[in-house]
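Undergrad: Here it is: the structure, laid out below.
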Amino acid sequence: MVSSKIESVDQYLADLPADRRQILVPIRQVILKNLQDGFVESMTMRMPTYEIPLSTFSKTYNKKPLMYCAIAAQKNHNAIYLCSVYSDEAMLKKLQDGYQMAGLKLNMGKSCIRFKKLEEVPLDVIGVIIASYQVSDFIDNYHSCRKK
């Protein structure tokens, strides 16, 4: 949705229409508040991503930083990409249970949570999911998934 020439998360958010920005800024704040040490925020694949830098872990299958999560304003919806729920059944269950307890419908692909309004996202549940992995744990999870 936003131009590919954007180089910073702040610029990405500033370039969004105000209604989209008001949705993604609080989600970014929850991510940053709960992100464990060692993950970094960057612009990758034209969206704000939270990843393990190559200086910490360089043995990825695609030679790019290992993405932990991301946010984006897509054409018809907003999205949170949670790689931990894609690769960890217990984490997926925690997410599904959190949505159910909040009385919200989870609209999800493999790791992409789609939504149009901020009220459709239980921010506390997203915070718990984000806080669940240390960098070393996510690297271990990556290795175990690659072996499958």
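Undergrad: Could you count how many residues in region 102-126 are small (Gly, Ala, Ser) and crowded, with 18+ Cβ neighbours inside 10 Å? Before you say what the answer is, go through the steps one by one.
TA: Start the filter on region 102-126 by keeping residues that are small (Gly, Ala, Ser), which leaves 102-103, 109, 111.
Imposing the further condition that a residue be crowded, with 18+ Cβ neighbours inside 10 Å reduces the set to 111.
Count: 1.
Undergrad: Which of the residues that make up region 110-132 are in a helix (DSSP H, G or I) and over 13 Å from VAL30 (Cβ atoms)?
TA: Applying the first criterion (in a helix (DSSP H, G or I)) to region 110-132 yields 118-120, 123-131.
GLU119, GLU120, listed by residue number.
Undergrad: Looking at region 1-56, which of its residues are over 28 Å from GLN134 (Cβ atoms), modelled with pLDDT under 95 and β-branched (Val, Ile, Thr)?
TA: VAL2, ILE6
Undergrad: Can you name the residue in region 58-101 that is farther than 17 Å from VAL30 by Cβ and surrounded by 18 or more Cβ atoms within 10 Å (Cβ to Cβ) and is also modelled with the lowest pLDDT among such residues?
TA: SER87
Undergrad: Now a separate question. What is the one condition in (1) surrounded by 17 or more Cβ atoms within 10 Å (Cβ to Cβ); (2) within 14 Å of TYR81 (Cβ to Cβ) that THR44 does not satisfy?
TA: Evaluating THR44 over (1) surrounded by 17 or more Cβ atoms within 10 Å (Cβ to Cβ); (2) within 14 Å of TYR81 (Cβ to Cβ) leaves (1) as the failure.
Undergrad: Of everything in region 47-57, what is among the hydroxyl-bearing types (Ser, Thr, Tyr) and surrounded by 21 or more Cβ atoms within 10 Å (Cβ to Cβ)? Give them in sequence order.
TA: Initial filter on region 47-57 (among the hydroxyl-bearing types (Ser, Thr, Tyr)): 49-50, 55-56.
Once the filter is applied, which keeps residues that are among the hydroxyl-bearing types (Ser, Thr, Tyr) and surrounded by 21 or more Cβ atoms within 10 Å (Cβ to Cβ), region 47-57 yields THR49, TYR50.
Undergrad: How many of the residues making up region 82-106 are within 27 Å of TYR142 (Cα to Cα), in contact (Cβ under 8 Å) with a residue 12 or more places away in the chain and not aromatic (Phe, Trp, Tyr)? Walk me through it before giving the result.
TA: First pass over region 82-106, keeping only residues within 27 Å of TYR142 (Cα to Cα): 82-99, 106.
Remaining after also requiring in contact (Cβ under 8 Å) with a residue 12 or more places away in the chain: 82-88, 91, 94-95, 98-99.
In the following step, the residues that additionally are not aromatic (Phe, Trp, Tyr) were identified as 82-85, 87-88, 91, 94-95, 98.
Matching residues across region 82-106 total 10.
Undergrad: Something else now. Which pairs do you get when a residue that is under 22 Å from LEU13 (Cα atoms) and without any contact (Cβ under 8 Å) to a residue 40 or more places away in the chain, found in region 54-80, comes within reach of a residue that is among the charged types (D, E, K, R) and not in a loop (DSSP other than H, G, I, E, B), reach meaning Cβ atoms under 8 angstrom, with the pair 6+ apart or on two chains?
TA: PRO65/GLU51; MET67/GLU51; HIS77/ARG114; ALA79/ARG114
Undergrad: Can LYS105 be described as outside any helix (DSSP H, G or I), farther than 23 Å from ASP15 by Cβ and either modelled with pLDDT of 95 or more or of a type in the set (Asp, Glu) (or both)? Steps first, please.
TA: On the way: outside any helix (DSSP H, G or I): yes; farther than 23 Å from ASP15 by Cβ: yes; either modelled with pLDDT of 95 or more or of a type in the set (Asp, Glu) (or both): yes.
Judged against the criteria, LYS105 is a match.
The values are calculated or read from the model by the stated rules, or taken from the named source; none is laboratory data. This is a predicted model, so every value here is computed, not measured. Don't worry about glycine lacking a Cβ; one is built from the backbone with ideal geometry, like all the others, and counts go over all protein chains shown.
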